[in-house]
Amino acid sequence: MAPDMNEISDEQTGARVVRLTPPAGLHYHQYCYGQWIAPDCRTLLVFRYRELRRDSPIDLYRVNTDGKGYEIVAENAGWSTISVDGQFVFAGTAGGILRIPLSGGESDTVFRSDSYRGMSANAQTRDGRFLFCHAFGERGHELVRVQLDTGEAQVLFKTDYLMHLHLHDEGEGRLLATVRPPDLEWGIYTFDLDGGDFRKLPFTRSTNHFASLGCTGKVITTVHGGGNAIEIGTPGGASAEVLVEGEGFWHPTADSTGEWVACDTNWPDTGLMLVHVPTRRYRVLCFTGTSGGHPQWAHAHPRMSPDASYVVFDSDKSGITQTYAVFVPPEFKEELRG
């Protein structure tokens, strides 16, 4: 039987790496943020440039973690979310939000407004009731909450800056984003589901790459000024603490429990790191081979699966960016737990 050319072992660590996307076409995933990995961790979403040109239309695809089941979900789609029951995809479009069966089928419109140039579906609450969307147009940026059982939409606040919006997975239910809240300074904040109660993260040297530390209520970020490290902060806290330091940590991501963190490195690229939070030990999981250049698709943007079994990343090592998954060997976890 011929070898599977989609699957390799990392030459230096031996970790299993699967190419999830076909070699034709430029692909990338939705970065370190959002609910684009299905609850069962078997299916995820990726984007594909329809043509190899800068202004190409971008379509949304689903694919399984074995590299199979690659099929289109929506054309001309923006940032999207898989529903908490794993049945649907909420896809952002130029004028609204579509709901599409994850397994394929006809779409229906959840929300429509011609007043926006674009919308992204960023987060669904764990009870499935609300979908939070980033809308942008002539009025600037708006946080829109859509009640899914009624289709009612409400603008929670307007701002001139909103980025990296996603669910902050803690018991009380909050959101996390880089934002300039009404009458407050720019920063990384958590806030409640009504668009209020802003709690700033105490990060003074953040790269603006951050993620929830699982369900702990804390947030991780990478820092380069004054040393290379990953820091942990508590919303509203007085200061951040160093988790690990010494590498050019760049984009952090965590599992659902907050026990494990993965992070790529840059300037220099010393590998995709696996970090055990309780022991503060880390090691190289694999080498992504990405160039780390100016285009966003030239960055690895790792995303750890909720169950910490694999990490998704992008790489242009083949000459055109594709999406990969590296599976975490159990012995790596045993080593770091000590």
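Quick check on my link table: of Lys68/Lys333; Lys68/Lys317; Lys218/Lys317; Lys68/Lys158, which ones sit more than 30 Å apart, alpha carbon to alpha carbon?
Beyond 30 Å between Cα atoms: Lys218/Lys317; Lys68/Lys158.
Using the Cα centre of the range 111-238 as origin and beta-carbon charges of +1 (Lys, Arg) and -1 (Asp, Glu), tell me which of Thr207, Phe130, Ser120 is placed farthest towards the positive end of the dipole.
The one lying farthest along the dipole's positive direction is Thr207.
Which of Tyr49, Tyr33, Tyr310 moves most in a GNM of the chain, Cα contacts under 10 Å?
Tyr49
So, with +1 on the Cβ of K and R and -1 on the Cβ of D and E, and no other charges, what is the size of the charge dipole of the chain about its Cα centre, to the nearest 20 debye?
340 debye
Just one of (1) 0.95; (2) 1.25; (3) 1.15 is Cα Rg over 2.2 N^0.38 Å calculated from these coordinates, so which is it?
Here the calculated entry is (1).
Tell me the net charge near Ala135. Cut-off is 12 Å between Cβ atoms, Ala135 excluded, with +1 for each Lys or Arg and -1 for each Asp or Glu.
+2
Pick from Thr13, Thr222, Thr253 the residue whose mean-square fluctuation is largest in a GNM of the chain, springs joining Cα atoms under 10 Å.
Of Thr13, Thr222, Thr253, the Gaussian network model singles out Thr13 as fluctuating most.
Note down the net charge around Gly271, summing +1 for each Lys or Arg and -1 for each Asp or Glu among other residues with Cβ under 13 Å from its Cβ.
-4
Once phi is turned into ³J(HN,Hα) by the Karplus curve 6.51 cos²θ - 1.76 cosθ + 1.60 with θ = phi - 60°, what whole-Hz value does each residue of the range 284-291 show in order, with x for glycine and proline?
6, 8, 6, 10, 7, x, 6, 6
Please compute the net charge surrounding Asn122, taking Lys and Arg as +1 and Asp and Glu as -1 over other residues with Cβ under 14 Å from its Cβ.
That works out to 0.
Using the Karplus equation 6.51 cos²θ - 1.76 cosθ + 1.60 (θ = phi - 60°), what ³J(HN,Hα) coupling, rounded to whole Hz, does each residue of the range 121-126 give in order, writing x for Gly and Pro?
With coefficients 6.51, -1.76 and 1.60, one gets 9, 9, 7, 10, 5, 4 Hz.
Amide H to amide H under 5 Å from Cys286: which residues, 5+ apart in sequence or cross-chain, H placed 1.01 Å off N in plane?
Leu272
All of the numbers you see were taken from the coordinates with simple rules; none came from a lab. Nothing here was measured: the structure is a model prediction, and the numbers come from that model. Heads up, the Cβs are rebuilt from the backbone with ideal geometry, glycines too, and the neighbour counts pull from every protein chain shown.
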